[in-house]
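Working notes, beginning with the structure itself.
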Amino acid sequence: MTALYTIIARVVVIVRGIAMAEIVVQVIIWRSFYLASPWLLWGPAAALAWGGTSMAYLRRHRPGWQLVCADSAVYTGLALGAAWCVPAAIRGEAGSWLFIVVTTQSVAPVWFAPRALSVPLAITPGIAFGVGNALAPATALVTASPRRASLALLFVVVATHWLIRRMLCARAARADAALAAADREARDQYVVLSENIERREQDRLMHDTILNTLTAIARSGGTPAAIGQCRQDIGLLQSALTDSDTTHGRGRAGPGPAPAIETVVGEMRARGLAVDLEIDGGAAAHGTPEPGLVPGPVLAAIANATREALANVAAHAGTGQAWVTVSVTSPGEPRTVPQIQVTVRDEGGGFAPGSVDPARLGVRRSITERVEDWGGSAWVQSAPGEGTTVSLCWPADDTGVGPAALQAAGAAGRGEPAQW
């Protein structure tokens, strides 16, 4: 509706500009009439002055009912004075400047006046046009038939505008209703998506902290290392429960990728896993990114996925060694954000992704979905006796696929999660 009324306001400006040009042309054509009685120029002068004022206003504002009423009053006064501002030869004719301005004026009240006043305000100048011509002195130059025909034409124009307004407003209202419904549906879907993301993150935290910690306690018998891990996991859960902005990703920027991964690597080294860390990307990796380029939740998701991959190495690979590579590519065309790639590799026992129980959530929830929820991608490559490689990428790979060697295992990791 807003677009429709904006277009109509511009149409009113255009037709009034054409009407004003017609006034000037007819004054020039009938200059002998106006030169004989210069005071008769009051009508064209008033029409030009009001027309210019209303055009300037309509170019910047939508008219209110007060302006529409004043507009109809001005043109009603002009129409009543037809005998004292229009040459007798064209008085009452459809080609006279007064008929043209009264006809073009009818657009404004039909479209912008309140519904109850639109038709009365639109036809009032037309009625005044008929009364003004009837009050004019009789002349043989113009007979009654052309006057009646021009008056009928004026009312036909008003009726046409009214019908067009009803049709277009009905369509615009239906379009607005459909847009509002789509907006409500999008908001509802966003709420559902946010709730699903939060629920999955809670599942990941449960898996990465409580389940893993209980397993460690069961295996170690409650060593100081397990107790320290319990304290660390409690801190993670408290942070997740109190910092909802981070969970929902509300635009908070974090440190560079390298510091986040270095923190994770330090934690895993403290738990006894030998981790060889390699960082490629210089300042882009180590420095604090430009605000908004890499949101804090993205870095948190990559760091947590890396932590889970290393925890899986320590728990399931049968080796005490892992290699982590961090690569950050500076933003450039066509990308506007840096691309982050993290690879976690071990040379342990490996596994067959296709043989894993689908009920296991480690890889699917804690690694692949965690990164994909924030617009990234993740793949897992593994085979018995050949070790395991986890690849994380943000934003998601433009090609939509990972390295050729990781495609099959990555799909299996998303559909049939690995034993981790």
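Some notes on this structure:
- Residue selected from the range 1-20 under the condition more than 15 Å from residue 103 (Cβ to Cβ) and surrounded by 13 or more Cβ atoms within 10 Å (Cβ to Cβ), by the criterion nearest to the chain's Cα centre (by Cα): 4
- For residue 340: the one exception among (1) open to solvent by less than 10 Å² (accessible area, probe 1.4 Å); (2) at pLDDT below 85: (2)
- Meets criteria (within 16 Å of residue 261 (Cα to Cα), out of contact with any helix residue (DSSP H, G or I) (no Cβ under 7 Å at 6 or more places or on another chain) and modelled with pLDDT of 70 or more) for residue 325: yes
- Close pairs (6 angstrom Cβ cut-off, 6 or more residues apart or separate chains): hydrophobic (A, V, I, L, M, F, W, C) in the range 386-403, at pLDDT below 75 and open to solvent by 30 Å² or more (accessible area, probe 1.4 Å) anywhere: 401/407
- From 305, 309, 314, 301, residue being open to solvent by 20 Å² or more (accessible area, probe 1.4 Å), assigned to a helix (DSSP H, G or I), at pLDDT 80 or above and not charged (D, E, K, R): 314
- In the range 1-22, the residues that are within 16 Å of residue 167 (Cβ to Cβ), touching a residue at least 40 places away in the same chain (Cβ under 8 Å) and part of a helix (DSSP H, G or I): 3, 4, 5, 8, 11
- Qualifying residue in the range 169-188 (condition: open to solvent by less than 50 Å² (accessible area, probe 1.4 Å), touching a residue at least 24 places away in the same chain (Cβ under 8 Å) and over 17 Å from residue 7 (Cβ atoms)): no
- Search result, residues across the range 365-402 that are out of contact with any helix residue (DSSP H, G or I) (no Cβ under 7 Å at 6 or more places or on another chain), within 17 Å of residue 326 (Cβ to Cβ) and at pLDDT below 85: 395, 397
- Check on residue 62, outside any helix (DSSP H, G or I) and surrounded by 19 or more Cβ atoms within 10 Å (Cβ to Cβ): no
- Selection count where residues are small (Gly, Ala, Ser), open to solvent by 10 Å² or more (accessible area, probe 1.4 Å) and within 22 Å of residue 147 (Cβ to Cβ), scope the range 81-125: 5
- Among the conditions (1) modelled with pLDDT under 90; (2) touching a Phe, Trp or Tyr at 6+ places or on another chain (Cβ under 8 Å); (3) over 30 Å from residue 1 (Cα atoms); (4) not hydroxyl-bearing (Ser, Thr, Tyr), residue 63 misses just one, which is (3).
- Those residues of the range 365-395 which are under 32 Å from the mean Cα position of the chain (by Cα) and β-branched (Val, Ile, Thr), in sequence order: 367, 368, 371
The values are calculated or read from the model by the stated rules, or taken from the named source; none is laboratory data. In this text the structure is predicted, and so the values were computed from the model without any measurement. Note that we place each Cβ from the backbone using ideal geometry, even for glycine, and neighbour counts take in every protein chain shown. The protein model used for the area step is the full one, side chains on, heavy atoms only, and it has no ligands, DNA or RNA in it. Shrake-Rupley method; radii C 1.70, N 1.55, O 1.52, S 1.80 Å.
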